[in-house]
1. Could you tell me whether any residue of the range C:241-250 is in contact with a Gly (Cβ under 9 Å, 6 or more places away or on another chain), among the charged types (D, E, K, R) and outside any helix (DSSP H, G or I)?
2. So which residues in the range D:311-338 are within 18 Å of D:ASP252 (Cα to Cα) and crowded, with 19+ Cβ neighbours inside 10 Å?
3. Would you list the helices (runs of 4 or more DSSP H) that sit entirely within the range A:106-207 and hold 3 or more residues that are among the hydroxyl-bearing types (Ser, Thr, Tyr)?
4. Taking the stated definitions as given, is C:ALA202 crowded, with 20+ Cβ neighbours inside 10 Å, within 14 Å of chain D (Cβ to nearest Cβ) and either without any contact (Cβ under 8 Å) to a residue 60 or more places away in the chain or within 30 Å of C:HIS6 (Cα to Cα) (or both)?
5. Going by what's in this entry, would B:PHE179 be described as surrounded by 18 or more Cβ atoms within 10 Å (Cβ to Cβ), more than 19 Å from the chain's Cα centre (by Cα) and at pLDDT 95 or above?
6. Based on what the data block shows, is C:LEU127 under 24 Å from C:GLU193 (Cα atoms) and assigned by the TED database to the domain that holds C:ILE204?
7. What residue, of B:LEU118, B:LEU104, B:LEU137, B:LEU171, is over 30 Å from B:GLY202 (Cα atoms) and in contact with a helix residue (DSSP H, G or I) (Cβ under 9 Å, 6 or more places away or on another chain)?
8. Within the range B:137-161, which residues are crowded, with 16+ Cβ neighbours inside 10 Å and touching a Lys or Arg at 6+ places or on another chain (Cβ under 8 Å)?
Amino acid sequence: KYDYTTIFFAIMGSFLVLFILIPILNLMVSSNLGAISANLHDPQVISSLFVSVYSALIATIIALIFGVPLAYILARHDFFGKGLVESIIDIPIVIPHTVTGIALLLIFTSTGIIGAPLSKLGIIFTNSISGIILAMLFVSASFVVNSAREGFESVDPRMEKVARTLGSGTLRTFFVISFPLALRSIVVGAILCWARAISEFGAIIILAFYPLAASTLIYERFVQFGLSDSTPVAIILISICLALFIVVR
Amino acid sequence: KYDYTTIFFAIMGSFLVLFILIPILNLMVSSNLGAISANLHDPQVISSLFVSVYSALIATIIALIFGVPLAYILARHDFFGKGLVESIIDIPIVIPHTVTGIALLLIFTSTGIIGAPLSKLGIIFTNSISGIILAMLFVSASFVVNSAREGFESVDPRMEKVARTLGSGTLRTFFVISFPLALRSIVVGAILCWARAISEFGAIIILAFYPLAASTLIYERFVQFGLSDSTPVAIILISICLALFIVVR
Amino acid sequence: MIKIEHLSKDWKEFKINDVTLEINEDEYFVFLGPSGSGKTMLLELIAGMWTPDSGKIYINNQDVTNFPPEKRGVGFVYQNYMLFPHKTVFENIAFGLNIRKVDKKKIEEQVGEMMDLFGISHLAHRLPRTLSGGEQQRTALARALIIRPKVLLMDEPLSALDRITREELIREFKKIHEEFNITIIQVTHNFDEALQLAERIAIIKQGTVSQVGSTDEVFRRPKDEFVADFVGTENIIRGVATDGEENLTSVDTGNIVVESTEHKTGKVHFTIRPEAITVSTSRITTSARNEFKGKLTEIYDLGTIIKLTVDVGEQFVLVLTRQSFDDLELNIGKEVFISFKATAVNLF
Amino acid sequence: MIKIEHLSKDWKEFKINDVTLEINEDEYFVFLGPSGSGKTMLLELIAGMWTPDSGKIYINNQDVTNFPPEKRGVGFVYQNYMLFPHKTVFENIAFGLNIRKVDKKKIEEQVGEMMDLFGISHLAHRLPRTLSGGEQQRTALARALIIRPKVLLMDEPLSALDRITREELIREFKKIHEEFNITIIQVTHNFDEALQLAERIAIIKQGTVSQVGSTDEVFRRPKDEFVADFVGTENIIRGVATDGEENLTSVDTGNIVVESTEHKTGKVHFTIRPEAITVSTSRITTSARNEFKGKLTEIYDLGTIIKLTVDVGEQFVLVLTRQSFDDLELNIGKEVFISFKATAVNLF
């Protein structure tokens, strides 16, 4: 039924699929339930999971508050410098993670241009949850913006125009028509944003080694105790991420 | 000309844009040229940049060889399990970076199920360039697949069908029609793949701390000598990434 | 009722260029033009969906140029219905009343009446995607009309529908126009639609108004080659016009001389509508001033009618019914006579 | 020449269901059907772009069911031209010869001839996106014909073009059909196109062949309501048929009795094409077996022709030219007589 070219391409493609799939499956089965359950009772593990999950959640909420309006503007308006704004939003994807950490630390440290005034207000970013949230927001906000934008672009602007002729103002039209219709994409973007936030390590380790986030804990265990002690924590964290990933799909 | 809703949305959106832009600009201007030039003469910096650039290039080439055929299959065929394959390709985006390192180490270490037979052939992944390439390929291959797939989807399959009726076989049609027309997207995917590869830190630090990649070096300098000594290397690395990013846009 | 003065707007590939137009109260007005001519943008400008670069728009003698759409009191119906997909038919129609915070019971009553009028009451709780095209367009109409707009704007409302639904809706449009005492402006690229509905037509060409007039005027006296070609005149022939005898104009094409009752001299085009030309197999005496002998060169069977091309020095296209065609026993190469009145020759 | 036997294919929303069909050598054959009827898929099945679920396809008595497209020797032309955008007009046309490793000089010669034939020589080094629709379609035709296929398949080749270009290309299709000794299968949803081009037509409905025959057969004797409706018969009326006198069938609609030369009894539909009905203001003696007195209820000005609805108990639609309409001095409500021959009444 399929010709040789298709079969050849399919074989080539399978390598990549297996290369990604096998390490993940192998990880999932490589620790016994006893070790996992012991780790689930370790207060350090629980607290680090809480730090990761909670910080990623706050970062996602902030990304939504500022990202959804931006996405709507990008979907509906053409303006001078639009290309530049789009580029800026995408930049964090290509910046090395440790560089991100350095860049954020320079500006948010208690002597940095933003960190200094805020530290007088008692807001400290080095080695604090705020710092973790900051790092996560920086690397993950683009997911909310890009996904929400796609959602808004799939809503025909003429539908909004019709709502306008029926007496609905712009803000009301946004909340009654555009937002509900783009909601699915916004939710997908939020979940991707959350997952990307939880996955971050390089920027966090520089900005805020403590309080330990889950990905930092895995690294610390690996350095101090070796592979077998870090594996159960890795399994717990990947399970949370994969569960959410399956929800998105 | 613009109504209040649009202005309000634009202001909200600007916060996010500035939040990303300011740390990057600040980083770019926060070190003097003397320090940067001194670092450009430091053999450790040069060698780490070479490791990053070279490994990312190899990872990208491997991703192209296996990813482009996969992208073509995904763009042209419907098959059972297609959704699963698409999910697997996207999984690395949501896996925490240190977990990726653990997962790859488990399987590619010299006692792992793939690492063991390969180590007998002299191919070692721990603390070697091969390990760095491995980590990079895992986190970045999806960029090639997704971008190439978009490229192939933008080529009307009927154009290929017409080429077939004119006497061109499937493989020839791929190389004469589909590939040249999707080339732009494939190149964009390759550059994004390369940038994502160079940005990786968490997986690399677990799989292969040595030879020092640039992002690892930044971390090491930061831990040993502090912020001001790691900044010049960060500037050099971000300049390379931004230069490539501008090429893509 | 609606007055447009020197309206211009330039946006991407769309352009409106210095349009001045007046549409009367309760008129059924049609913008007719090819796709990309800017007719949709003109309609959206009237609805307030764009800010014009320059010019003014008046509705009921009020300058609404800077009014947002929600303040203009116009209803809008799109080709692709643009129903809110997350709301039922009832909720779609009730939308405008909900915005106006109308009492819940009154909303139910009014929406009910509207649904009855369009025969869609049984669809009240269905979502738009489950409806046929015709049902969706009726819902869109009901939704636009329930707020009792002074003006109803419709952008190609029939283009996405099949022939039968189209004819049903043409009848409903006429009914709405009579019963609602409403000014309707409809955009279309289909001349037949315009003929069946419009009281007056504006031909839109590349963002400008090429000709305005009653359907009959535009149809019988196209102002330039573009209009003539667009409305489907088949015979467009060049020639040189000179004053002839009996107050007629003679147009010499180089091969034949045609007489017209219109006055123009110099290089001209003239048009004759295919159905204004009579064909016969022998010379007959009629009141027609123009009669030529020629050869039948082409026969196109178009089903309901037959289209012939006759070469009398110039090529003329004419149409006749199948019965007449059979009666005359025509075939290719046959010698025939064609005749048409001088009043049927339109010069420009 | 082409034989299709019990061909079936089910893919997503597209479906071909047990199609059996024979197309003769050098025939101009048209698949006519509404959009979504599967006619394009049928064409692509003949070209080998799909593997059928079941059934056989023969070209020149050879079973090609499992041949890939490159081995079938068919040319294919799409509605949207599908020119290779990264190749010039010359390179597009030369594509098939390059694949065949034809000598470079010969390629130049043959492509040159082809471009001359279609009048596109001046475009040789232009890229497709810089061409008009008509120029692109001529290039696509030249590209398909240069490999001298036995069969030329065309999928809605005229749908994306304007009226004038369409008529030019219709003439060129006829020329190609004569000069190349080629079997042409064309897909269209436009009945007029089919009438002007086809020797035989297959009406496609939801993946099945509804009727096959000469254009005249399909047009005058639609087999069922779908075909009748699709080809545009306006008068479809129900009634009960009984054997009448003089070997005729009488159809009683409840309001009038119509006579037909066709034989059928029981519940039937009958159709009469609008142009087969004659209207007059006084009773006249003719050979027509059916004559009814009624009232003129609707007048539609369609430009070239006028469409009338006459109520004689049943509603009949008929068409006449503007001149006849003016001569008869018709207006709504006027009492008129309609008549039609028993041979014009089609029962099914």
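The values are calculated or read from the model by the stated rules, or taken from the named source; none is laboratory data. If you're wondering where the values come from, they're calculated on a predicted model, not measured in any experiment. Cβ placement follows ideal geometry from the backbone for every residue including glycine, while neighbour counts extend to all protein chains displayed.
1. So far as the range C:241-250 goes, no, none of its residues is in contact with a Gly (Cβ under 9 Å, 6 or more places away or on another chain), among the charged types (D, E, K, R) and outside any helix (DSSP H, G or I).
2. D:PHE316, D:ILE338
3. A:129-153
4. Against the criterion (crowded, with 20+ Cβ neighbours inside 10 Å, within 14 Å of chain D (Cβ to nearest Cβ) and either without any contact (Cβ under 8 Å) to a residue 60 or more places away in the chain or within 30 Å of C:HIS6 (Cα to Cα) (or both)), C:ALA202 does not qualify.
5. When the stated conditions are applied, B:PHE179 does not pass them.
6. So C:LEU127 does not fit the description; no.
7. Every option except B:LEU171 fails the conditions.
8. Residues satisfying the conditions are B:VAL139, B:SER140, B:PHE143, B:GLY151, B:PHE152.
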